[in-house]
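The values are calculated or read from the model by the stated rules, or taken from the named source; none is laboratory data. These numbers come from a predicted model, not from an experiment. Methodologically, a virtual Cβ is constructed for each residue, glycine included, from the backbone with ideal geometry; neighbour enumeration extends over all protein chains shown. Just the protein is used for accessible areas: all its heavy atoms, side chains included, with ligands, DNA and RNA removed. Shrake-Rupley method; radii C 1.70, N 1.55, O 1.52, S 1.80 Å.
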Amino acid sequence: MKHPLAELYDGHDEIQAEIDRRFATQSVQEAPAGTVEGHHPKRLRLVVGGIRVETASTRTFRLRREDGQPLPPFLAGQYVNVFADGTSRPYAIASSPSTHAEYYELTARRVPEGRISNLLIDTLAVGDRLTTTGPMGTFHHNPLFHGDDLVFLAGGSGVVPAMSMLREIADQGQDSSRRVHLVYGSRDVEDVIFHDELAALAAANPARIRVDHVIGGLLTAVTISELTGPLNGRMVYVCGPQAMYPYVLGQLASLGHPRRRIRFEANGAPARPEAQPHWPAGTDGTEEVTVTACGTRFRTPRNRPLLDALEDHGIRPEAACRSGECGMCVVRVVSGETHTAEEARLRMADERFGYTHSCVAYPLTDVEIEI
């Protein structure tokens, strides 16, 4: 059907004729759906082709497609969501986009009480199989808006998306106009992930890649300024532990760097939602309330994310980022009150009609949820 405004545009007759021609046969009509599924599959069945020890607490898993077909393309900085143990977690792809057809590399780091990371590190072996989503996420370079002179502030395993970006620049060689200055904070030298490769990448690409390490210290405004020089509006990427984000934002603000030139990678639900300013005063986060969903009723602490509580009881909404960004885990609050974390990127319509992102929503009272 021709759009009613089509005739306002020059060349509309030729464009409409081309559209009609493309959809004249059944085979052409079916092609777009197959193309979309190939590039954005809901699920991937992957097999572990190799495991590399990065540090005492970190492993990299090389994954290939179980059916031998090429893997979907991705942008450096994106992630896949890994399903295991009745739940899921997002992992940034560490490998270069140029290798996407052959394999993805996911790097997992052991963390206290890490349900999935520790499970992967302790149990995953070559030949084992994993189910993931296709690549997704908005934490990647956009040449139209980000420019080509970039700074990446990483902490701990937050270096993983940076490694994908640096590997891509190295693969492109002289064809790449991007320059990335990585400032990487670690607790000690033994804790630095990709230590030797980072040094090799910087040495082989001195005009495009610079790497500075901050060992045992914070990424203060003074440290950032001394290492990077004046930021001058450069796009700054930030990825690391949750506590790093508000601290680094404050340091960058003290340097006069505009918020619009800072990109944070979504990194999980807040560990202590009670600490957020809009958590109701005097409300005990450990106290249990009743959640009703899909014909099931159960008790859960107020400070446990709704998504986690639902999964605890066998109810598994679609989910990906688990950080309030992607919106795949959206649910409707039929009755009761929830606390929505600051991380949630809700639309105006969500708030008006009672929808929330269950990964960063917390039941303050007895609630009924529609999935």
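Structure above, values below:
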item	result
Residues located in region 56-94, provided they are open to solvent by 10 Å² or more (accessible area, probe 1.4 Å), touching a helix residue (DSSP H, G or I) at 6+ places or on another chain (Cβ under 9 Å) and closer than 20 Å to Ala125 by Cβ	Ala56, Ser57, Arg59, Ala84, Asp85, Arg89, Tyr91
For Leu119: the one exception among (1) open to solvent by 30 Å² or more (accessible area, probe 1.4 Å); (2) part of a loop (DSSP other than H, G, I, E, B)	(2)
Flag for Ala162 being at pLDDT 95 or above, crowded, with 16+ Cβ neighbours inside 10 Å, over 19 Å from the mean Cα position of the chain (by Cα) and among the small types (Gly, Ala, Ser)	no
Given (1) under 15 Å from Glu54 (Cβ atoms); (2) open to solvent by less than 60 Å² (accessible area, probe 1.4 Å); (3) out of contact with any Leu (no Cβ under 6 Å at 6 or more places or on another chain); (4) among the hydrophobic types (A, V, I, L, M, F, W, C), number of the condition Ala108 does not satisfy	(3)
Subset of region 73-93 (residues that are over 12 Å from the mean Cα position of the chain (by Cα), touching a residue at least 40 places away in the same chain (Cβ under 8 Å) and part of a loop (DSSP other than H, G, I, E, B))	Pro73, Phe74, Gly86
Subset tally (residues that are among the β-branched types (Val, Ile, Thr) and either closer than 12 Å to Ser95 by Cα or in a helix (DSSP H, G or I) (or both)) for region 147-187	3
Single match in Ala281, Ala266 (criterion: at pLDDT below 90 and either more than 20 Å from Thr356 (Cβ to Cβ) or of a type outside the set (Ser, Thr, Tyr) (or both))	Ala266
Spans of strands (runs of 3 or more DSSP E) in region 329-371 with at least 1 residues surrounded by fewer than 16 Cβ atoms within 10 Å (Cβ to Cβ) and among the β-branched types (Val, Ile, Thr)	330-335
Meets criteria (open to solvent by 20 Å² or more (accessible area, probe 1.4 Å), of a type in the set (S, T, N, Q) and assigned to a strand (DSSP E or B)) for Thr131	yes
Lone qualifier among Ile315, Ile262 - being closer than 30 Å to Gly217 by Cβ and either in contact (Cβ under 8 Å) with a residue 24 or more places away in the chain or in contact with a strand residue (DSSP E or B) (Cβ under 6 Å, 6 or more places away or on another chain) (or both)	Ile262
In region 95-105, the residues that are small (Gly, Ala, Ser) and buried (at least 22 other Cβ atoms within 10 Å of the Cβ)	Ser95
3 or more residues surrounded by 21 or more Cβ atoms within 10 Å (Cβ to Cβ): qualifying strands (runs of 3 or more DSSP E) within region 193-309	235-239
